[in-house]
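So the structure is just underneath, and the comments pick up after that.
The values are calculated or read from the model by the stated rules, or taken from the named source; none is laboratory data. For clarity, every value in this text was computed on a predicted model and none was experimentally measured. With ideal geometry, Cβ positions are generated from the backbone for all residues, glycine too; neighbour counts draw on all protein chains shown. Ligands, DNA and RNA are excluded from the accessible area calculation, which covers all protein heavy atoms including side chains. Shrake-Rupley method; radii C 1.70, N 1.55, O 1.52, S 1.80 Å.
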Amino acid sequence: MAGQGTDRHPHGADQLCAAGDRVYSRAVRRGRVPREDAESVPCLLELALLHPDPDDMGWLVPTSPQEVMTRLLRGVYEEVSASQARVGDAVSAFEWYAGLGGRVQGPAEGVAIRVLDGLPRIRAAMDAATEACTSEVLTVQPGGIRREDELSEGLHRALGLRHRGVRMRDLYTHVARHGQGLLNYMELMGDSAEARTLDEVLERLILFDRTVAFIPANSDRTIALELRHPALVDYLVTVFERLWRLAIPLASPLPSTGIEGITHRERSIAALLAEGHQDAVVAERLGISVRTCRAHIARLSETLGAASRTQLGVRIAQAGLDDPPRSSELEAVTAPAVPGPAGPPA
């Protein structure tokens, strides 16, 4: 009962609830009230405004209004004194830090990880990194066909980099090959940019001069992390380079699956289904819609002669489609275009 009363009466003696006001006022006028009168307002007992009558425990007597006022004033005085003490401590601490002096740092200098909250801050940081970039940009662009607005949003940065002779390498999913916008974008970039594709890639990643990286920090990409810690950036560069070696140049055709009637995308879908992923997960990882994914699954089932999902899993394993294309197959395709291991491409 007391716990419920606390939930219903979250206040102090300086602002009684309406029910508490009525019972306490009655107790002051009459000198005492029956204990049952206070059952609906346990706040009066918790705040020590009512207490048991020592002569008859069935009754409650009030604390005098004068004593309550004194108590309230004492509490206010203590709060003001504590606030003054905190202000004094803060001023002293400020003076101490100010006395340390030291070199003034720029907004990003010396910061290993910076959180960028909101698209305006993300774009401003990206613009600053673009302006400072002198040699190389590496990007991973997940999803399917790139929308025109996505490509246009970063076009001014890419053109600025091209004019300064910066080289760009971009990783996309195979699905992005079917978007005319990406082909137009690559044509505008000319020799300054090179693109390759994979069945699936990591979350979005942008690396400038192997010194600063940007990655998303939430699902809708309205928060990003700016990374300048050398170990983190080196790790991301290594991941990119390994994916780059496995990827297929945009200008090259996708390799044959070796199985008549099954496309490269359907082989990728088969491998993910064999791992136990649901249709929505498969679609997201390959950058296609769930509807398109299910259409490919239906065609895959028809080609393999499977009448159910269970049977499809068996047929995928029998056909050797339960693994993605071997690295050696992809490296054979990409070998002529792989840059040397020593740093950025020339």
Give the ranking of Arg162, Arg86, Arg30 by solvent-accessible surface, highest area first, calculated with a 1.4 Å probe.
-> Arg30, Arg86, Arg162
Under 5 Å from the placed amide H of Leu250, counting only residues 5+ away or on other chains, we find Ala195, Arg196, Thr197
Using per-residue counts of other Cβ atoms within 10 Å, averaged over each peptide, order 196-207, 307-318 from highest down.
-> 196-207, 307-318
With an 8 Å cut-off on Cα pairs and a minimum separation of 6 or more residues, tell me the relative contact order of the stretch 177-274 in percent.
-> 22
Which value, in debye to the nearest 20, gives the size of the charge dipole of the stretch 197-289 about its Cα centre, when Lys and Arg are +1 and Asp and Glu are -1 at the Cβ?
-> 240
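Under the 0.36 nm per residue contour assumption, what length would be gained going from the current alpha-carbon distance of Glu131 and Leu155 to full extension? Numbers along the way, then the final one.
Values: separation 24, 0.36 × 24 = 8.64 nm, distance 1.37 nm.
Going from the current span to full extension adds 7.3 nm.
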What's the Cα-based Rg to Rh of the stretch 180-297, Rh via Kirkwood?
-> 1.00
